[in-house]
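The block underneath contains the structure these notes are about, expressed in structure tokens.
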Amino acid sequence: MSKDRAAPFSKKHRRYWIPVTGGMILIGALNIGLGLCSFKSPVDPQHIELPLLHRDAGQSDANDTLGNADLPPDVMRAFAIKYPRIIPAGAKVNGAYFVISFPPGQAHAHATFSTDGTFVSED
């Protein structure tokens with residue numbers, strides 16, 4: 001079977017693109033009309049507040065404090081598996097261990113992991 005090599009907007013294809021374009025415009029107009037007719041503005045909108053940790057611009061971390069990006073991948077992976085849905089607030093190096101701090105309001109204050117990601121303790 002040979003391929004049709006006619007130009008896309010030729011007389012041969014005009015019988016297809018005019019009804020298709022008109023149909024798409026009609027569908028779009030119907031969608032806009034339905035959306036305008038069925039939209040109801042909220043009576044009492046709810047505001048969602050996210051508890052984010054903000055650091056003061058004047059404060060600086062101690063020399064032995066690490067950010068989340070500075071933690072070794074094995075330690076960060078182990079923390080994420082042990083404590084899903086919790087983002088660490090920071091970490092400190094204590095010899096061969098990483099003491100990871102939890103954000104305020106959590107059940108624990110710190111968790112300790114070894115350099116290979118093995119869980120040691122929590123408090």
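The values are calculated or read from the model by the stated rules, or taken from the named source; none is laboratory data. Please read these numbers as outputs of a predicted model, since none were measured by experiment. Every residue, glycine among them, receives a Cβ derived from its backbone with ideal geometry; neighbour counts consider all protein chains shown.
Quick check on segment 33-40. Is at least one of its residues part of a loop (DSSP other than H, G, I, E, B), on the phi < 0 side of the Ramachandran plot and at pLDDT below 90?
yes
May I ask you to list the residues in segment 78-115 that are in contact (Cβ under 8 Å) with a residue 24 or more places away in the chain, over 27 Å from the mean Cα position of the chain (by Cα) and not in a strand (DSSP E or B)?
Across segment 78-115, the qualifying residue is only THR115.
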